[in-house]
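Values quoted throughout were computed directly from the atomic coordinates according to the rules given, and no laboratory measurement underlies them. Values in this document were obtained by computation on a predicted structure and should not be read as measured data. Methodologically, a virtual Cβ is constructed for each residue, glycine included, from the backbone with ideal geometry; neighbour enumeration extends over all protein chains shown.
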Amino acid sequence: MNKNWSAFNIVSVVFGFTFLYLPIVLLIVYSFNASKLVTVWGGFSTHWYSEMLSNQGLMDAAWVTARVGLLSATVATVLGTLAALTLVRHTRFRGRTLFTGMVYAPLVMPEVITGLSLLLLFVSIGFERGFWTVSLAHITFSMCFVAVVVQSRLVSYDMSLEEAAQDLGCTPFEAFYKITLPVILPAVIAGWMLAFTLSLDDLVIASFTSGPGATTLPMKIFSQVRLGVTPEINAVCTVLIGFVATGVIIASLINKRRMVNNARTDADI
Amino acid sequence: MGSFFKRITIGLPYFWLCILFLLPFLIVLRVAFSEPVLAMPPFAPQFDLSEGWQGFVQSVSQFTTYNFQFVFEDSLYTNAYLSSLRIALISTLLTLAIGFPLAYGMARSPMTIRPILLMLVILPFWTSFLIRVYAWIGILKPEGLMNQFLMSVGIISTPLRIYNTEIAVYIGIVYSYLPFMVLPIYATLEKMDYSFVEAARDLGCSSIGAFWKITARLALPGVLAGCFLVFIPAIGEFVIPELLGGSQTLMIGKTLWSEFFNNRDWPVASTVAIILLAILVVPIVLFQNAQARATEANR
């Protein structure tokens, strides 16, 4: 046992993690509640999960959310990676200060303002609100997060590898695709996952930019929560938590295995 | 670097952000200086983007500061800004009070369990904000789990009224933003050389004295970063005050939302947004300066 880990330290760590996890655990436990009252335990039941699956409105919203998430995360990853390349490599071009500002500003912009400004844009160009406007909005704010994640990896990357590939006859794009991309891939994947979960989570920006027929899952959950807490929402939340947690754990396991493999190949050389 | 690939690398994200970030922002600015009218969209004068830059310039020349006067004169808005700042500040201090011991305990923990603890702090980042706030409703409600527990144990005899008050908002913000506080503090404490504290103790410092003179001082950059990372987003927060704070809790994000969705007053909503951004610039610049100083010190 580490002699520095005093009882006080242990208590504060246990307290901190209880605070972080107890509400989530309670939410999950009460999704299996047979009683209709969320806060009174009426025995174990999976009733609310079947109720959730037969709720057409919820299922439609889940489908919209999945499509918006997949589309926006993918486009945001491409644009964000390009933005990261620009930030790290192209230190001199006209309007670089503006570019840097535009990449970082959305990170600190309150969601209500991002939502409002995009809505005003869509209204003034007469773009009908719905699936596409939500996707465009999600791409715009999540590409900045992708850019930051990929940038942090690119900073430590040795550019001479790519230069060597170009000297050996690769076009700049080939050199990027064959040499740089595999190296920064973990960061790109992490960026995609971040963009996907940001899109999955977003309530405020979607509420501003969405139109009829494109209600996302958070919007649906929000409108039901305003009417009161129900075990059915607990069930939806539990499924979402399970989905995201599984994704994060699988990703970190893959990452770990890659690192072990890399260490092994390095040792072989 | 090939010129075509380079042009795409810079041009594509640049173009995208100009159209979907810069232009919308300019429109908000323009609408903030427009008059509200009963029409769709509800502001005047309309500007026609089909006339291009000229049309934009022309519409800029007919602006009115009516909305700014309105927002500054109505105490509702001033109170909402002040109360947002107050709630964000109190929540930041509470987050620090819970986050620092947690980060400190993690940094002192045995090497073998540190990656697991770190993972446990990061994991809530990935789970939905909305869900985590929702989870508290069931706990804090008058007939909720906390009151049930406290009453069954016999600590209280009547339910505590926390849900739909400012206290619930504090709890929500502390809970949602705790990882933002813990991670930067943990990062500085983990690098810290603990032998400094031991040396101070050997030289006669009390353990509390050594903590203030050594640990607290070395952790200061992390503490500052954590505080800004909680304070800045907390000011414009909407979901937490809406779901936990009830109608009496005043925060500017909520005001903007209801101005837009309930009153359909787009010019005032835009004005509220512009003033909010002007307020946010102060902590953001301070944060950047603190970060720059921290990087400088690390060199």
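Here are the numbers for the structure shown:
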| read-out | value |
| --- | --- |
| Separation of the B:ASP74 and A:PHE8 label points, Cα + 7 Å toward Cβ, nm | 5.1 nm |
| DSSP loop trypsin sites (Lys or Arg not before Pro) with at most 14 other Cβ within 10 Å: longest gap in chain A | A:95-269 |
| Kirkwood hydrodynamic radius of chain B, Cα pairs, Å | 22.9 Å |
| Residues B:ILE10, B:ILE98, A:ILE10, A:ILE139, sorted so that the one with the fewest Cβ neighbours within 10 Å comes first | A:ILE10, B:ILE98, B:ILE10, A:ILE139 |
| Mean Cβ neighbour count within 10 Å, used as a protection proxy, ranking B:116-122, B:72-78 highest first | B:116-122, B:72-78 |
| Peptide-level mean, for A:171-179, of C-beta atoms on other protein chains within 10 Å | 3 |
| Top positive-direction residue, dipole computed over the protein assembly as shown with Cβ charges, set B:PHE261, B:LEU203, A:SER252 | B:LEU203 |
| Sorted by Cβ neighbour density within 10 Å, fewest at the top, the residues A:LEU203, A:LEU185 | A:LEU185, A:LEU203 |
| Contour minus Cα-Cα distance for B:ASP193 and B:ALA278 (0.36 nm per residue) | 26.6 nm |
| Label-zone membership for the stretch A:227-263, site A:SER45, 7 angstrom Cα→C-beta point, backbone N under 16 Å | A:230-236 |
| Nearby lysines by direct alpha-carbon distance to B:LYS141 (threshold 26 angstrom, same-chain neighbours under 8 apart not counted) | A:LYS36, A:LYS220, B:LYS254 |
| Taking chain A and dividing mean pair separation by its residue count, relative contact order in percent (alpha carbons under 8 Å, at least six apart) | 30 percent |
| Full-extension gain in nm, A:ASP60 to A:SER152, via 0.36 nm per residue minus C-alpha separation | 29.4 nm |
| Where Rh is the Kirkwood radius over Cα pairs, Rg/Rh for chain A | 1.05 |
